[in-house]
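Reading through the structure tokens given below for one structure.
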Amino acid sequence: MKYAKVDKYDANLNDTCVTYDVLTIPDPCCNISKIPESVSGYKCENRKTQNGVYSRNGRLIFALFYDTKIATESDDISDVLKKCKTRMDTMPDDLQGGIFVKLSLACDDKSSDKSSDGMQNHSSLKNIYGESLKSCKTGTEPGSWDNEGYCSEMGGGVHQICMNVTEERGDFSEATGQSDWSEGRVGNNHCMCLGAWALYKAKGKGDGNELVCDSIPDMSLDPSYVGNWNTWNGNEYLKKDGKPNDQIIDGVDSMVQQCYDKKNSKYLREKYDNLRSKYSDWNSVI
């Protein structure tokens, strides 16, 4: 309770979207050195767990809530509450067990590039123009951004594409194989993952002016980030031979073109040219 957060997860069960409440932690792969030696279940690559499942806001899921009996005044839960308080008041290193607590704190590194509360300083992040990354956050509802409202990798998130959600774009979650939760984002921005953005554009959706480019981090054009999205949740369009098409490449091209039209940036052009040189490396996967 002290170190986890509740978030939403949209699952596709027999072609029906079901939303669950889930318990989440920041992705421990953001700091591999802090993962306890007794834990062997994490496959980390590019600071991201490769065998994990993520919530709407890009946090790693470790537990699922389900319907059960709600305690009433007639239920004696005093002993449970006493044990909970004792555990809550115990420091992480003094807990018996406490693996999830230690994993949840893996990103809580008080290094020089972080603020006093353990969060990395956003002033060190650049956008795809090479300028200071701008916040994507609007409104009060979650938009898959980090705790400070940025489309960053902080806390294990992978949602780096800042999109303005208008009435016409409010169906983007349904268009990308999820439930209709994006209707609640109309009138605000939202941090999308590259997989969802690419599929959205592959379906011919959008008007070519969806992106808030100043709020898209330059990491979104790193080959290591883009290369992880060759497949996405089994929602890729397929070629006639059954293999995924080039929608990720097309999605990146669409993002770059849209942002370059907004601002003729040498930094963006150079990042894109470097990325293009890596496209051929993925031919065996795409």
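Using Cβ contacts closer than 10 Å as the measure, can you line up Val6, Val101 from fewest to most?
If I rank by nearby Cβ atoms, fewest first, I get Val6, Val101.
Fewest Cβ neighbours within 10 Å first, please rank Leu105, Leu64, Leu199 accordingly.
Going from sparsest to densest Cβ surroundings: Leu64, Leu105, Leu199.
Note the direction-averaged projected area, equal to a quarter of the hull surface, for the Cα convex hull of region 5-104, in nm².
Over every viewing direction, the Cα hull of region 5-104 projects on average to 8.8 nm².
Values in this text are rule-based calculations from the coordinates and carry no lab data. Keep in mind the model is a prediction, meaning the values are calculated, not measured. Neighbour counts are summed over all protein chains in view; Cβ atoms, including those assigned to glycine, are modelled from backbone coordinates with ideal geometry.
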